[in-house]
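**Q** Please find one structure pasted underneath; my questions will follow.
The values are calculated or read from the model by the stated rules, or taken from the named source; none is laboratory data. If you're wondering where the values come from, they're calculated on a predicted model, not measured in any experiment. Ideal geometry is used to build each Cβ from the backbone, glycine not excepted, and the neighbour counts take in all protein chains shown. Heavy atoms of the whole protein, side chains included, go into the accessibility calculation; ligands, DNA and RNA do not. Shrake-Rupley method; radii C 1.70, N 1.55, O 1.52, S 1.80 Å.
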Amino acid sequence: MSDQTLAVARSFGSHFVITANTTDAGAPVYLRPDRTWSASLTDAHAVGSEDERDDLLSHAQTQEHDVCDPYAFKVNVEAGAAVATTTRERIRSQGPTSPLRRPDAAQG
Amino acid sequence: MYQYDEHDQRIVDERAAQFRGQVQRRLAGEITENEFKPLRLQNGLYMQLHAYMLRVAVPYGLLSSAQLRALATIARDYDKGYAHFTTRQNVQYNWPELEDVPKILDLLASVQMHAIQTSGNCIRNTTSDPLAGIAADELEDPRPYCELIRQWSTFHPEFAFLPRKFKIAVTGSRTDRAAVRIHDIGIRIVDNDAGERGFEILVGGGLGRTPHIAKVVRDFLPYEHLLSYLEAVLRVYNRYGRRDNKYKARIKIQVSEWGVEKFAAAVEEEWGHIKDSATALTRAEIDRIKGRFHTPSFEALPNEDLDALALTSDREFARFLKNNLRPHRVPGYTAIVISTKPKDRAPGDVSDSQLEALADLADRFGLGHVVVMHDQNVMMPNVKQADLKAVYAVLEEWDLHTANAGRVTDQICCPGLDFCNLANARSIPVALRIAERFDDQDYLDDLGDVSLKMSGCINACGHHHVGNIGILGIDKAGVEAYQLMLGGDPGDEASLGKIVGRAFSSDEIVDAVSTVLDTYATQRESADETFLDFYRRAGLDPFKESLYGTD
Ligand code: SF4
C-alpha cells in the first residue's frame, strides 16, 4: 500500500476506472481486471464501489516504475465497457481531435 | 546572434549529461515519479494528456539556420514531424519519449540551445521585440540586455524556488511590441532628460486568473544598475510574495496588495544594500556581450518601389506585400512576417520540412536567422526588398505564404484541451473553425488589423485578456463553453478585455465572433477607425445588443 493520498479526479458517472500515464512514453493507460495496463479505455476494469476503487488505486500506486501519477475517474458503463463522461477523459482516451501537423500541404 | 563562450557551452553540456543520468535512473525504477518530477520540470519536460511535452528555450526568439535545422531533426526523429511555437517565443514538442529526451538535449546543446528554466517557479525565458535590432524607432538593441538577464538568471541559486514562475520582457523601442506591461517585470530602454541611457522598470503585470497591467516602479534606472535592481525586485518578491495560495503567488498580487509606492520603497531599500555590488554592469561587460552577437552587415541599397511591385503582381503576392511586411531601419531591406496560420493548421505548428525550408530561406535571403514572434509566427528580419519575389515563391512552395499577418485569422491559440493537462476546453478546433469561416481575404482586409487571442483555461497562455477579441475556454458542468471578451490590447496603451456577457457554447462561438466583426464593420465611423478605436469609443453596448438583443 502506497503512502500517497488516493487521487480521484472530479468527474461523474456510475463506475470508477483507474488510469495513469506510462513512464516511457507518457501515454494514457487503464487498469484491466487482471491488473495489467491497457492503452484502451474499453479494456478498463470499471468498478462500482469506492472500496473497490481504492483497492485498485492502491495497487496502481505500487506500479510507479511503469506508470506515473495514477488516479481514478468516473465513467458510465455501456454494453459492458467503460465510456468517458467528460470531454477531458474522452480526448485523453482517443487522442487530439484536431488534425496533427503532418503531412505537409506542399507534400500532398 | 549571440555566440556561446566556453562557460555557456559547458553549462548546457553538463546539464544534458546530468539529465541523462536522471532519466536512466527513472527508467530503471531507481527513482519514483515523485522524485523525478521536479528534475524533469527543471529541464522543461512536462506530462500532458497524451504524452510528455518538452519546452525548448529560444532566448528572445532568435534562431539561427543551424538551430532551425536541429529543431527540424528533433521533430522528425523524436516527435511526430512537427514543432509548436509558443507565445513566449519558445518551441514545444508534444510527443517525445522519455528515453529520447537526453538525446534531444544533446542535439540542442550542439547548437547552443537548451530547455533550462522553461518550467518551474524560476525566472523563465526573457522575451523581446521581434523587430529588435532593426526597428527605426529603437534607441538600442535590447537583446544584449536580454542575454545579460539570461546569464544572470540561469541557475541563480537564490531564485530557483520563487513563489511562482517569473517572466521578464525587454524592449528598446518607443513603440512597445514586446508586451512589457503584461510581464512580471517589463523593461523599457529610455534616455533621461540629461540624455543618459537607462531603463524604465515596470513591475506586476500579468494575465492568468487575475490580470494586471504592470506599474512603473522606477522611471529611470542608470544602465549599470540593471542586474542589481532586478535582483532587488526579485528579493522583495521572494521574501514577501505569497506562498500560501498559488493563485495569489505572482508578483502582480503583491504589487496590487501592497500598492506600487510601498513595493517600490521596499525595492529601493533592498537595492541600497546591493547596488554597488558585483552585479554592477560596466560598459566593458555590455560591450563584451554585444561583441558575442554576430551583427549582420547590410549592403547600401536603394528602397524598392513596393507599391509598383504590388500593382504588377498577382493578388495574393500583392496582399502579402501589403499585410506581411514590417519596416526595416536600413534602406532596401524589409522584415517579413511568416504566418503559421493557414486555414487548415493549428496556429504555431510547423513541420520538420517547413523548419528546414525556413533555415534554407534564412541562409539564402535572411542573413542566417529568424525570430519566433510572441504571436506564434516567424519573422525573417533582414530580407532585401529586391528578393521579395524569390522569397515569396519559396514560402508559397512550403505553404508558409498566408497573407493574414495582423488580421483576425492571425490568431493566437494555446494548445487547449487537445493536449494540455490543465485545460478546460479545446482551443485549436475553434481556431480552425474561425479560420474556415473567415477565409474571405477581402473581408479580412476590409476589417483591418483585429487581434484574436484564445486560451483553453484561465492560465491565459493564449493571452486572451489582451486580444481585441479574447476567447476563454471554460468548463460548464463537464461541457466546453467559451467566454467572449473585447477591447484588450498589450501595447503602449495596454488594456484588459471586458467580458461581453454569458458564455457561448462550442456551436455558438464562431457565430458570436462573426456578429462582433459585423457589428464593428457596420457601425464604425470610417474605414480608418480600427476595431480597438471603435471599441474604445463605443464600449461594449453595441456588441451586447447584437449578440444578446434584449434578453
Ligand atoms: S491556457 Fe490553459 S489550456 Fe491553454 S496551454 Fe495554458 S494551461 Fe493549457
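**Q** Condition first: open to solvent by less than 10 Å² (accessible area, probe 1.4 Å) and in contact with a His (Cβ under 8 Å, 6 or more places away or on another chain). Now tell me which residues in region B:63-98 satisfy that.
**A** B:LEU63, B:GLN89, B:VAL91, B:TYR93
**Q** Next up: Output yes when any residue across region B:320-336 is part of a loop (DSSP other than H, G, I, E, B) and touching an Asp or Glu at 6+ places or on another chain (Cβ under 6 Å), and no when none is.
**A** Pass one, region B:320-336, residues part of a loop (DSSP other than H, G, I, E, B): B:324, B:328-332.
Next, from what is left, pick out any that are touching an Asp or Glu at 6+ places or on another chain (Cβ under 6 Å): none.
No, because not a single residue in region B:320-336 is part of a loop (DSSP other than H, G, I, E, B) and touching an Asp or Glu at 6+ places or on another chain (Cβ under 6 Å).
**Q** Additional query: Of everything in region A:26-73, what is surrounded by 15 or more Cβ atoms within 10 Å (Cβ to Cβ) and among the aliphatic types (A, V, I, L, M)? Give them in sequence order.
**A** A:ALA27, A:VAL29, A:LEU31, A:LEU41, A:ALA44, A:ALA46, A:VAL47, A:LEU56, A:LEU57, A:ALA60, A:VAL67, A:ALA72
**Q** I've got another one for you. Counting only residues that are over 19 Å from B:CYS146 (Cβ atoms) and β-branched (Val, Ile, Thr), which one in region B:261-289 is least open to solvent (accessible area, probe 1.4 Å)?
**A** Per the stated criteria, the residue is B:VAL267.
**Q** Please enumerate the residues belonging to region B:311-329 that are at pLDDT 95 or above and crowded, with 16+ Cβ neighbours inside 10 Å.
**A** Answer for region B:311-329, where residues must be at pLDDT 95 or above and crowded, with 16+ Cβ neighbours inside 10 Å: B:PHE317, B:ALA318, B:ARG319, B:PHE320, B:LEU321, B:ASN323, B:ASN324, B:LEU325, B:ARG326, B:HIS328.
**Q** If a residue must be assigned to a loop (DSSP other than H, G, I, E, B) and either touching a residue at least 60 places away in the same chain (Cβ under 8 Å) or of a type in the set (Asp, Glu) (or both), how many such residues does region B:269-318 contain?
**A** Residues flagged as assigned to a loop (DSSP other than H, G, I, E, B) and either touching a residue at least 60 places away in the same chain (Cβ under 8 Å) or of a type in the set (Asp, Glu) (or both) within region B:269-318 amount to 14.
**Q** Given the condition within 16 Å of the ligand (Cβ to nearest atom), touching a residue at least 40 places away in the same chain (Cβ under 8 Å) and over 27 Å from B:ALA70 (Cβ atoms), answer yes or no: does some residue in region B:336-350 qualify?
**A** Among the residues of region B:336-350, not one is within 16 Å of the ligand (Cβ to nearest atom), touching a residue at least 40 places away in the same chain (Cβ under 8 Å) and over 27 Å from B:ALA70 (Cβ atoms), which makes the answer no.
**Q** Scan region B:496-518 and give yes if some residue there is at pLDDT below 95 and either of a type in the set (A, V, I, L, M, F, W, C) or more than 16 Å from the ligand (Cβ to nearest atom) (or both), otherwise no. Don't jump to the end; show me each part of the working.
**A** Taking region B:496-518 as the starting set, the residues that turn out to be at pLDDT below 95 are none.
There is no residue in region B:496-518 that is at pLDDT below 95 and either of a type in the set (A, V, I, L, M, F, W, C) or more than 16 Å from the ligand (Cβ to nearest atom) (or both).
**Q** Further, regarding this structure: Please verify whether B:TYR229 is closer than 23 Å to B:ALA194 by Cβ and open to solvent by less than 10 Å² (accessible area, probe 1.4 Å), treating the condition exactly as stated.
**A** It is true that B:TYR229 is closer than 23 Å to B:ALA194 by Cβ and open to solvent by less than 10 Å² (accessible area, probe 1.4 Å).
**Q** Give the residues of region A:30-73 that are within 17 Å of A:PHE12 (Cα to Cα) and either within 12 Å of another protein chain (Cβ to nearest Cβ) or assigned to a loop (DSSP other than H, G, I, E, B) (or both), sorted by residue number.
**A** Listed by number, the residues that qualify are A:ALA44, A:HIS45, A:ALA46, A:GLY48, A:SER49, A:TYR71, A:PHE73.
**Q** Right, something else. What are the residues in region B:516-541 that are buried (at least 17 other Cβ atoms within 10 Å of the Cβ) and part of a helix (DSSP H, G or I), if any?
**A** Residues satisfying the conditions are B:VAL516, B:LEU517, B:THR519, B:TYR520, B:PHE531, B:LEU532, B:PHE534, B:TYR535.
**Q** Oh, and also: Within region B:213-224, does at least one residue satisfy the condition of being crowded, with 19+ Cβ neighbours inside 10 Å, of a type in the set (Phe, Trp, Tyr) and modelled with pLDDT of 95 or more?
**A** no
**Q** Go through (1) touching a residue at least 60 places away in the same chain (Cβ under 8 Å); (2) in a strand (DSSP E or B) and name the single condition B:PHE263 misses.
**A** (2)
**Q** Would you check if B:ARG433 is within 12 Å of chain A (Cβ to nearest Cβ) and open to solvent by 10 Å² or more (accessible area, probe 1.4 Å)?
**A** So B:ARG433 passes the test.
**Q** A follow-up question, please. Which of (1) surrounded by fewer than 20 Cβ atoms within 10 Å (Cβ to Cβ); (2) over 26 Å from B:GLN9 (Cβ atoms) is the odd one out, the single condition B:HIS156 does not satisfy?
**A** Going through the list (1) surrounded by fewer than 20 Cβ atoms within 10 Å (Cβ to Cβ); (2) over 26 Å from B:GLN9 (Cβ atoms), B:HIS156 breaks only (2).
**Q** Of everything in region B:400-428, what is within 14 Å of chain A (Cβ to nearest Cβ), small (Gly, Ala, Ser) and open to solvent by 10 Å² or more (accessible area, probe 1.4 Å)? Give them in sequence order.
**A** B:ALA423
**Q** OK, next. Kindly check whether there is at least one residue in region A:95-105 that is open to solvent by 10 Å² or more (accessible area, probe 1.4 Å), of a type in the set (A, V, I, L, M) and away from chain B (no Cβ under 11 Å).
**A** The answer is no; no qualifying residue exists.
**Q** Using the structure shown, decide if B:GLY133 is more than 23 Å from B:CYS461 (Cα to Cα) and not assigned by TED's automatic domain parsing to the domain that holds B:GLY467.
**A** Answer is yes for this residue.
**Q** Where the second residue is open to solvent by 10 Å² or more (accessible area, probe 1.4 Å) and aromatic (Phe, Trp, Tyr) and the first is assigned by TED's automatic domain parsing to the domain that holds B:TYR520 and more than 12 Å from the ligand (Cβ to nearest atom) and lies in region B:462-479, which pairs have Cβ atoms under 9 Å and are six or more apart or on separate chains?
**A** Final answer for the pair search is B:ASN468/B:TYR535; B:ALA477/A:PHE12; B:GLY478/A:PHE12.
**Q** Ok, one more. What number of residues within region B:414-461 satisfy the criterion of being within 9 Å of the ligand (Cβ to nearest atom), in contact with a Lys or Arg (Cβ under 7 Å, 6 or more places away or on another chain) and in a loop (DSSP other than H, G, I, E, B)?
**A** Qualifying residue count, region B:414-461: 2.
**Q** List every residue pair whose Cβ atoms lie under 8 Å apart, where the two residues are 6 or more positions apart in sequence or sit on different chains, the first residue falls within region B:518-532 and is closer than 18 Å to B:GLY487 by Cβ, and the second residue, located anywhere, is open to solvent by 70 Å² or more (accessible area, probe 1.4 Å) and not acidic (Asp, Glu).
**A** From residues that are closer than 18 Å to B:GLY487 by Cβ, the pairs are B:GLU525/B:ARG537; B:GLU529/B:ARG537.
**Q** Whether any residue in region B:38-56 is within 14 Å of chain A (Cβ to nearest Cβ), surrounded by 21 or more Cβ atoms within 10 Å (Cβ to Cβ) and among the β-branched types (Val, Ile, Thr) is what I want to check.
**A** Within region B:38-56, not a single residue is within 14 Å of chain A (Cβ to nearest Cβ), surrounded by 21 or more Cβ atoms within 10 Å (Cβ to Cβ) and among the β-branched types (Val, Ile, Thr).
**Q** Against the conditions (1) surrounded by fewer than 19 Cβ atoms within 10 Å (Cβ to Cβ); (2) in contact (Cβ under 8 Å) with a residue 40 or more places away in the chain, where does B:GLN354 fall short? Just the number, please.
**A** Status for B:GLN354: all satisfied but (1).
**Q** Identify the residue in region A:74-94 that is among the charged types (D, E, K, R) and open to solvent by 20 Å² or more (accessible area, probe 1.4 Å) and, among all such residues, is nearest to the other protein chains (Cβ to nearest Cβ).
**A** The selected residue is A:ARG88.
**Q** Quick one: would you say B:LEU355 is in contact with a His (Cβ under 7 Å, 6 or more places away or on another chain), assigned to a helix (DSSP H, G or I) and at pLDDT 95 or above? Quick ask: steps written out before the conclusion?
**A** Numbers: in contact with a His (Cβ under 7 Å, 6 or more places away or on another chain): no; assigned to a helix (DSSP H, G or I): yes; at pLDDT 95 or above: yes.
Considered against the rule, which asks whether it is in contact with a His (Cβ under 7 Å, 6 or more places away or on another chain), assigned to a helix (DSSP H, G or I) and at pLDDT 95 or above, B:LEU355 comes out as no.
**Q** Looking only at region B:357-367, count every residue that is away from every other protein chain (no Cβ under 14 Å) and either open to solvent by less than 10 Å² (accessible area, probe 1.4 Å) or farther than 22 Å from B:GLY332 by Cα (or both) and tell me the total.
**A** Going through region B:357-367 one residue at a time, the tally reaches 3.
**Q** Here's something else I'd like to know. Looking only at region B:12-36, count every residue that is in contact with a strand residue (DSSP E or B) (Cβ under 8 Å, 6 or more places away or on another chain) and either open to solvent by 60 Å² or more (accessible area, probe 1.4 Å) or facing chain A (nearest Cβ under 10 Å) (or both) and tell me the total.
**A** Total meeting the criteria: 1.
**Q** Of (1) within 16 Å of the ligand (Cβ to nearest atom); (2) open to solvent by less than 20 Å² (accessible area, probe 1.4 Å); (3) at pLDDT below 95, B:ASP375 satisfies all except one. Which?
**A** Going through the list (1) within 16 Å of the ligand (Cβ to nearest atom); (2) open to solvent by less than 20 Å² (accessible area, probe 1.4 Å); (3) at pLDDT below 95, B:ASP375 breaks only (2).
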